[in-house]
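S.K.: This structure is in structure tokens; I'll ask about it shortly.
The values are calculated or read from the model by the stated rules, or taken from the named source; none is laboratory data. Keep in mind that this is a model prediction, so the values were computed, not measured. Every residue, glycine among them, receives a Cβ derived from its backbone with ideal geometry; neighbour counts consider all protein chains shown.
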Amino acid sequence: MASPDVIRDMGDTLLYLLRAGLVGLVDPTRVVVGTPDEFETLGDPAQPTVTVFLYRAGVNPELRNGPRRLLPDGRTTRPLLPLELCYLITPWARETRDEYRITGRVVQALYDRAELGPADLQGASWEAGDTVQLILETLPMVDHYRIWDTTDLPYRLSLTYMARVIGIAPTEELTGPPVVEALIGTGSA
């Protein structure tokens, strides 16, 4: 039952996890949220850097039409909006071997924390029972190239991760009771 600020807070959570997992390899101040517009400055980095880019936010199709929620006081409300946030995580270093090392550490750090609970989730937008799964995705190469085509940089080794399922609470409660019986048709047979 997170607030809309959860999108920002999920980015902060990834930064927190990556900074902890890359200690000794990448300066924590060099693990940043970025967009392709900002990638231009990283083409030849003086220090190893990792960028986290939110490239897609979508609705989980399996949970999209969930049932109404019954609140503790008896009111009903619409179901949570089940979000999936997709991130491109890119290591930047002068040497390709260093980028490979950083990539391996990123994979390990996020694999070790694939199930995130309240202690892992950063920011104030989360509710006490919220959890998030981090899933390493296989993005088709054509989609990777589409992201990199927006820059003047050549394709770079990147990882794609999905954070799911993040439930955003609706702000409006329902006013009418749920439908318990419906008659289809207007005439009798």
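S.K.: Which of the following residues is assigned to a loop (DSSP other than H, G, I, E, B) and either modelled with pLDDT under 95 or buried (at least 17 other Cβ atoms within 10 Å of the Cβ) (or both): 82, 91, 45? If you could, list the steps in order and put the result at the bottom.
M.R.: Details: 82 fails: assigned to a loop (DSSP other than H, G, I, E, B); 91 fails: assigned to a loop (DSSP other than H, G, I, E, B).
Checking each option against the conditions leaves just 45.
S.K.: Follow-up question, since we're still on this one. From the set of residues in the stretch 126-145 that are of a type in the set (S, T, N, Q) and modelled with pLDDT of 90 or more, which is nearest to the chain's Cα centre (by Cα)? Don't jump to the end; show me each part of the working.
M.R.: Step one: of the stretch 126-145, the residues of a type in the set (S, T, N, Q) are 131, 133, 138.
Remaining after also requiring modelled with pLDDT of 90 or more: 131, 133.
On the way: 131: 12, 133: 9 Å.
For the stretch 126-145, the residue satisfying everything is 133.
S.K.: To continue, here is another question. If residue 104 passes every condition in (1) in contact (Cβ under 8 Å) with a residue 12 or more places away in the chain; (2) more than 13 Å from residue 53 (Cβ to Cβ); (3) of a type in the set (Gly, Ala, Ser) but one, which one does it miss?
M.R.: Among (1) in contact (Cβ under 8 Å) with a residue 12 or more places away in the chain; (2) more than 13 Å from residue 53 (Cβ to Cβ); (3) of a type in the set (Gly, Ala, Ser), the lone unmet condition for residue 104 is (1).
S.K.: Restricting the stretch 30-42 to residues that are surrounded by 15 or more Cβ atoms within 10 Å (Cβ to Cβ) and not hydrophobic (A, V, I, L, M, F, W, C), which is modelled with the highest pLDDT?
M.R.: Within the stretch 30-42, the match that is modelled with the highest pLDDT is 30.
Residue by residue, here is whether (1) of a type in the set (A, V, I, L, M); (2) not in a helix (DSSP H, G or I) holds:
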| residue | (1), (2) |
| --- | --- |
| 4 | no, yes |
| 12 | no, no |
| 17 | yes, no |
| 39 | no, no |
| 61 | no, yes |
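S.K.: Can you name the residue in the stretch 94-119 that is among the hydroxyl-bearing types (Ser, Thr, Tyr) and modelled with pLDDT of 95 or more and, of all such residues, is surrounded by the fewest Cβ atoms within 10 Å (Cβ to Cβ)?
M.R.: 111
S.K.: Does the stretch 111-125 contain at least one residue that is closer than 13 Å to residue 167 by Cα and either in contact with a His (Cβ under 7 Å, 6 or more places away or on another chain) or in a strand (DSSP E or B) (or both)?
M.R.: Within the stretch 111-125 (the criterion being closer than 13 Å to residue 167 by Cα and either in contact with a His (Cβ under 7 Å, 6 or more places away or on another chain) or in a strand (DSSP E or B) (or both)), the answer is no, since none of the residues qualifies.
S.K.: Does any residue of the stretch 50-66 turn out to be among the aromatic types (Phe, Trp, Tyr), surrounded by 18 or more Cβ atoms within 10 Å (Cβ to Cβ) and out of contact with any strand residue (DSSP E or B) (no Cβ under 6 Å at 6 or more places or on another chain)?
M.R.: No, because not a single residue in the stretch 50-66 is among the aromatic types (Phe, Trp, Tyr), surrounded by 18 or more Cβ atoms within 10 Å (Cβ to Cβ) and out of contact with any strand residue (DSSP E or B) (no Cβ under 6 Å at 6 or more places or on another chain).
S.K.: Scan the stretch 151-173 residue by residue and report those that are under 17 Å from residue 89 (Cβ atoms) and either of a type in the set (S, T, N, Q) or not in a strand (DSSP E or B) (or both).
M.R.: 151, 153, 155, 156, 157, 158, 160
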